Amino acid sequence: MASEQSGSRRVTAGLLSAPLLWLLLFFIVPVAFIALYSVGGIHILPTDPREMSFDAWHHFLFAHSVYLSLFWKSIRVSLTVSIVVVLLAYPIGYFLALCVKKRKYVLLLVIIAPFLTSYLLRVLAWKVILGDKGVINTALFELHLRSPDHPVSWLIYSQFAVMLVLAYVWIPFVALPIFVGLDGMDMSLLEAAGDLGASRFRTFLRVTLPLSAPGVAAAFIFVFVPTIGEFVTPQLVGGTRGFLFGNEVQDQFTRALDWQTGSVLAFFLLLVVGILMALFGRFTQVRAVQP
Amino acid sequence: MPDEVGRLLRRRMGRRDLLKYTGMGVGVSAVLAACKQASSAGGLPSGSARPSISAEPGDLAVYDWAGYGDGSYYPKLEQANLWQAYQDQTDDTPQFTLFPDDDTGYTKVAAAAGGGVPFDIVHPCAYRFKDYVDLGVMQPWDTSQIPNYSQLNPQLEQFGNINGQQYFIVEDWGFIAPLYRADKVEPQEDSWSLLFDDRYAGKISWINTLEMLVIAGYLNNVSNPWEMTDDELNAQKEFLISKKPLVRVFWDQSYELFQDFKREDVYIGYAWPDAYAYAKGAGLDVVYMNPKEGRITWSCGMGLFNNTKNYYHAHDYVDSWSATKAAEFLVGSYYYGHANTHIDLSGVSPDIVKALSLDDLSILEPPNSNPESYIPRRQDYAEAWSEVKAA
Amino acid sequence: MSDLAASRGANWTLRIFFVVLVLFLYLPLVVLLVFSFNKGDVTFPLEGFTTSWYRLAATNPELLRALERSAFVAIASSLITVVLGVLASYALVRRSFWGKPAFAALVFSPLVIPYLVFGISLLVLFTAFDRFLTVTMGTYIGLGLHAVTIGHVVVALPYTILVITPLLERLSISLEEAGHDLGASPWQTFWRVTFPLLYPALLSAFLIALTLSFDEYAIASFLAGSSPTWPVFLFAQLRVPSQLPELVAVSSVILLSSVFLVVIAEIGRRRSERKYAIEAL
C-alpha cells in the first residue's frame, strides 16, 4: 500500500516536474527579474543606477509623471475598445448560436478566418483604407460628399484609428467564447419562459443575458487585458495622439536606454492586470480544475 | 590604384594593362584575375602582408541601417555597388541585421556589451561614436589594410578619430532639413519654424528621436543645443509639448515619411535627403529647405567590434564601401554625400549637386551647417523626449 | 428552434448585422489581395496588374529564411507545448496533490500577462544570463530563435491545457483501468489506450500553438536578435520600399493555406469526436 502510494506520488511528481520547471524558469523567474530590476537589484546597461532604491517607483507614482497619466489614457482607450468589441461581438455570437440552424460552424469559421492572415498586414491594409487619399476618402470624393482638399483626416494617425483597428482584430476572437457560452445553453429554458408568457425580448433580458454573463465577462477580460499593453497597433496607425502606455514601455527598453524605468512601468502594468484578474476570479471559476 | 584593382576584378583588362601589371613586383593582380578560386585561399592586393583570409569564419555580421546593403531599398543595386567588390574578393556574403535608428542600435549593443556583441561591424552616426567607444566593445581600424582609405576626406575622418585612434571610418554624410510640398505649403520664411507652423496643423511629421529637442534649441536660439542646461532643456521640452498637437505622426524610417507624403497625409517633415530623392522620383513637387538657422549635417561611419573573428573580412568590407562606386550609388540614389573625394559627379543632376552642395564640402563646417555633435547629457535628453511623446 | 431566440424582425436585423460585419472583416483582406497584384507600391493610386510579386516572393532569400525560421519556431514550440500540456493536463485531471489550485493558477497565468511585459522579462532574463555566463565561463548564448521558442511555449501552454483537459475528463477512466488490469504498464496504457483517444485534442492543441507562434510579433520582437522571424521581418519591411508587395503576396498564400488546414482539422476533429464519443459510452 505504501509503495503504491509513493509510486503514485512519484508518477505525479514526474508529470508535474517538466511543466512546473519550465514555468518556474521561464515565467516566474523573468517576472521576478523585472521586479528586481525596477528597484535596482539588477543592472545590465552602463547607464543603470547601481544601488537599490525605490526612487524610480516614487518618480513614477508620485511625481506627477506623464507616464501615470499616459497609463490612465491607455486604460480609457482599452475600456472603450473592450466595451465596443463585446457589444459588436455579442450579436454575432447570439446569432450563430441561437438563430442559425445549419452551417453554424462554417459561418463561425468565416468569422475566424481573417485571423489567419498576418496581423501586421491587416493593420497595413487599414492604413491604405483610412488615409487621406485612401479608400474611404476617395469614395467620399467620388460621391462629392467632401472636396479633395478636405479629407477626413482623423481616420488615420489618431486614437480613433487605434481603436478601430484593435476592435477589428478582436471581434472575431471575442465572438468565440460568447458563441460557446450561448451554444451550450439549454433551449428548454427559452421554451419555458415563452410558455410562461414572456416576450422574446424579455426572455432575452431575463434569461439569456444573465446566463451568458460569464462568457461575456470572460470575453471582456480577453480583450481588455492584452489591449492595455498594446504597442504595435499604436505604432503603426496611432500617430502622435494614439501613443499608448505599451509604446512608452517599449521605448524605454529599445531606445531610451532606461531599463529601470521601463521595468517599473512593465511591472506596474503586470500588477494592475494581476489585481484585475484576482477580482475577476471572484466571479468565475476555472473549469478545468476539480480539486 | 584601388580603381584599377576594381577594374581588374571586373575583368576589363586590356593588353596594355596586362603588360603593366605583370611588370609589378608580385604580379598578384594578374593571378587574382586569372584564377578567382586561388584568390580565396590567400593572396591579396597591395598593402601590408597579412594572414590568409580563409582562416576567418566569414559570414560577416553587419549591423546597419536599412538600404545600406541588405537590399530592402534597391535589391540589386545595393549589393552591386556597396559590397559586390567585397564578395568578389573574399567569396563571402555579409549577413545584415537592421536597426531602425541610432538609439535602438546603440541600446542593443549596450545590452549585449557585457556578454558578447553578435556583430562584426556597426554603422552608427558620429554623435554616437564616443558612446560606442565608451562601452569598451570597439577596436580601432588598421587603415593600412584599407586601400581606398586614402581617397576619403580627412576632415570627415577626423570625426571617427576618438582618443587618438581611428575607431570609425566615416563613409556617408547628409543633411537634416525641412522637406515640404511646394504646391501645398508656403513657408513664411526659410526656417525650422515651418515644422511648428500653426497653419498646417495635422500635416506635419517629426522624426521619432530626441533630435527634435536640438531642432527646437536651434529655433529658439539656444547657444549650444547639443549641450543644453536643465533650464534650456526644459524649455525645449515644453515648447515641443505645446506644438505636438500640430504633428500628425512621428517617423522612424525615412521611407515612411515619403509614403506619408505620397498618401498626402503629411505636407511638411523633418527629413533626410533620401526622402527628398524618393519624393522627387515619385513626381511630387517638393522642396528641401535650407533654413536660416542652418541645416544639420550628419555623418556616419563603420566601427569594428573588438570580439570580431572576421578582422580582415571587415577591413575588406569597409574598403568596398569606401570605393567611388559605392559613393556614386549613395549620391545618385539617396542624395547622400560620401567621404570619397574622387567621385565623378557628372552623372548627378546639377540641381541636386547644387541643392546638396555635393561638390563643396565646406558646407559641413559651421556656420554653413550645424554638424551633429556628441550629446553628453543624452540620458536627460532621452527622458525629456519620452515625456514629450507621452504628454 | 431559432424563433425562440428572436422574432422575425430581430432575426433579419441580426442577419444584416452579420453580413455587414463579415464585409467589415474582409475589407482589408480584399485590399491586400488587390495590392498583391498591383504593379506599384502598397499605396494608391493603382498602377497596373502584375503577378511578379508572387514570383519574386518565391525567390527572395531573406523572405524565405524568415518564413523558415518562423516555421521552425512554430513547430518546435508547439511540439514542446503539447508534451508539457499533456503532462500538466494529466496531473490536473487524474491526480490529486497538494497545491493543485496554485499549480492551476500558475499554468493559466500566462494567459493574462501582456506579451509586451513577458517579452521584456525574457529579454532581461537572457541578457542577465549571458552576463553571468561571460563572467563564469567566457561564452555567451545571446538572443535568437531559442529564446523565441521558449517564450512561445510559455504563452501557448494554457491554451493547450484548455483544449486537452475537457477531452481527458470525458474519456472514461475505466478504459485506462482496464488496460492496467490487463497487465499493461502505465507507459503502455498511455501509448496504446489514452493517446489514440486523446489524439483529436492533441492535434487541436498543436494547431492552436502553431498558429499562435507563427504570427506572434510582440515577444519575438524583443528576442529574435539577428534572426528575424516572419512577423518581425514583416514589421521591419512595412516601412521600406521594395519588398512589401511580395510580403502581401505571401500573406495571401498563407491565408488560403491556413483556411485549408483549419477546415481539414475541424472536419477531422469532429469526425473522430463523434467516433470516440460513441466508443466511450
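The values are calculated or read from the model by the stated rules, or taken from the named source; none is laboratory data. Note that the structure is a prediction, hence the values are computed from the model and not measured. When we count neighbours, we look across all protein chains shown, and the Cβ atoms used for this are built from the backbone with ideal geometry, even at glycine.
Among residues of the range B:267-313 being surrounded by fewer than 19 Cβ atoms within 10 Å (Cβ to Cβ) and small (Gly, Ala, Ser), the one that is nearest to B:Val109 (Cα to Cα) is B:Gly294.
I need the full set of residues from the range A:140-155 which are modelled with pLDDT under 85 and aliphatic (A, V, I, L, M), in order please. Answer for the range A:140-155, where residues must be modelled with pLDDT under 85 and aliphatic (A, V, I, L, M): A:Leu145, A:Val152. Regarding the range C:187-205, can at least one residue be identified that is among the aliphatic types (A, V, I, L, M), within 12 Å of the chain's Cα centre (by Cα) and within 14 Å of another protein chain (Cβ to nearest Cβ)? Yes - at least one qualifying residue is present in the range C:187-205.
Quick check, is B:Val222 among the β-branched types (Val, Ile, Thr) and not in a loop (DSSP other than H, G, I, E, B)? Here the answer is no, as B:Val222 does not meet what is asked. Residue count for the range A:86-122 under the criterion of being part of a loop (DSSP other than H, G, I, E, B) and within 24 Å of the chain's Cα centre (by Cα): the result is 2.
Of all residues in the range B:101-130, those being within 24 Å of B:His315 (Cβ to Cβ) and not aliphatic (A, V, I, L, M) number 14.
Could you tell me whether B:Gly105 is modelled with pLDDT under 90 and not basic (Lys, Arg)? So B:Gly105 fits the description; yes.
Give the residues of the range B:353-391 that are buried (at least 19 other Cβ atoms within 10 Å of the Cβ) and among the β-branched types (Val, Ile, Thr), sorted by residue number. B:Ile375, B:Val388, listed by residue number.
What about C:Val240, is it in contact with an Asp or Glu (Cβ under 8 Å, 6 or more places away or on another chain) and of a type outside the set (Lys, Arg)? Taking the combined requirement at face value, the residue does not satisfy it.
Scanning the range C:95-105 for residues that are surrounded by fewer than 18 Cβ atoms within 10 Å (Cβ to Cβ) and facing chain A (nearest Cβ under 7 Å) yields C:Arg95, C:Phe97, C:Lys100, C:Pro101.
Of the helices (runs of 4 or more DSSP H) entirely within the range C:131-233, those holding at least 2 residues that are surrounded by 18 or more Cβ atoms within 10 Å (Cβ to Cβ) and either touching a strand residue (DSSP E or B) at 6+ places or on another chain (Cβ under 8 Å) or of a type outside the set (Asp, Glu) (or both) occupy C:145-170, C:195-214, C:218-223. Taking (1) exposed (fewer than 15 other Cβ atoms within 10 Å of the Cβ); (2) within 23 Å of B:Gly71 (Cα to Cα) in turn, C:Ala57 satisfies each apart from (1).
Among the residues making up the range B:357-389, those that are at pLDDT below 85 and either part of a helix (DSSP H, G or I) or of a type in the set (A, V, I, L, M, F, W, C) (or both) are B:Leu358, B:Leu361, B:Ser362, B:Ile363, B:Leu364, B:Gln379.
Yes/no per residue for (1) more than 14 Å from chain C (Cβ to nearest Cβ); (2) outside any strand (DSSP E or B); (3) without any contact (Cβ under 8 Å) to a residue 60 or more places away in the chain:
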site: B:Gly67; (1), (2), (3): no, yes, no
site: B:Lys76; (1), (2), (3): no, yes, yes
site: B:Leu82; (1), (2), (3): yes, yes, no
site: B:Ala85; (1), (2), (3): yes, yes, no
site: B:Tyr106; (1), (2), (3): yes, yes, yes
site: B:Ala110; (1), (2), (3): no, yes, yes
site: B:Gly114; (1), (2), (3): no, yes, yes
site: B:Asp131; (1), (2), (3): yes, yes, no
site: B:Tyr149; (1), (2), (3): yes, yes, no
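Return the pair list, or none, for Cβ contacts closer than 6 Å from residues in the range A:119-139 that are within 7 Å of another protein chain (Cβ to nearest Cβ) and aromatic (Phe, Trp, Tyr) to residues that are buried (at least 21 other Cβ atoms within 10 Å of the Cβ) and assigned to a loop (DSSP other than H, G, I, E, B), at least 6 apart or on different chains. The qualifying pairs are A:Tyr119/C:Asp215. Regarding B:Phe175, is this residue in contact with a Gly (Cβ under 9 Å, 6 or more places away or on another chain), on the phi < 0 side of the Ramachandran plot and touching a residue at least 12 places away in the same chain (Cβ under 8 Å)? Yes; evaluated as a whole, the condition is true for this residue.
When residues in the range C:37-86 are screened for being within 28 Å of C:Leu210 (Cβ to Cβ) and within 10 Å of chain A (Cβ to nearest Cβ), 7 of them pass. Applying the set (1) within 20 Å of B:Tyr255 (Cβ to Cβ); (2) in contact (Cβ under 8 Å) with a residue 40 or more places away in the chain to C:Ser226 leaves exactly one unmet item: (1). For B:Pro245, the requirement of being crowded, with 20+ Cβ neighbours inside 10 Å, more than 14 Å from chain C (Cβ to nearest Cβ) and farther than 28 Å from B:Val348 by Cα is not met. Say whether the condition of being in contact with a Lys or Arg (Cβ under 6 Å, 6 or more places away or on another chain) and among the polar types (S, T, N, Q) is met by at least one residue in the range B:155-169. Within the range B:155-169, not a single residue is in contact with a Lys or Arg (Cβ under 6 Å, 6 or more places away or on another chain) and among the polar types (S, T, N, Q). If you check A:Gly242, A:Gly215, A:Gly274 for being of a type in the set (Gly, Ala, Ser), modelled with pLDDT of 85 or more and within 18 Å of the chain's Cα centre (by Cα), only one passes: A:Gly274. Restricted to the range A:126-135, and to residues there that are part of a helix (DSSP H, G or I) and at pLDDT below 85, the residue that is farthest from C:Leu210 (Cα to Cα) is A:Val135. Would a scan of the range C:108-127 turn up a residue that is under 23 Å from A:Ser263 (Cα atoms), more than 7 Å from chain A (Cβ to nearest Cβ) and surrounded by fewer than 21 Cβ atoms within 10 Å (Cβ to Cβ)? Looking for residues that are under 23 Å from A:Ser263 (Cα atoms), more than 7 Å from chain A (Cβ to nearest Cβ) and surrounded by fewer than 21 Cβ atoms within 10 Å (Cβ to Cβ), one finds at least one in the range C:108-127, hence yes.
A quick yes/no check of all residues on (1) within 12 Å of chain C (Cβ to nearest Cβ); (2) in a loop (DSSP other than H, G, I, E, B); (3) out of contact with any Leu (no Cβ under 6 Å at 6 or more places or on another chain):
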| residue | (1), (2), (3) |
| --- | --- |
| A:Ala167 | yes, no, yes |
| A:Ile171 | yes, no, no |
| A:Ala175 | yes, no, yes |
| A:Leu205 | no, no, yes |
| A:Pro210 | no, no, yes |
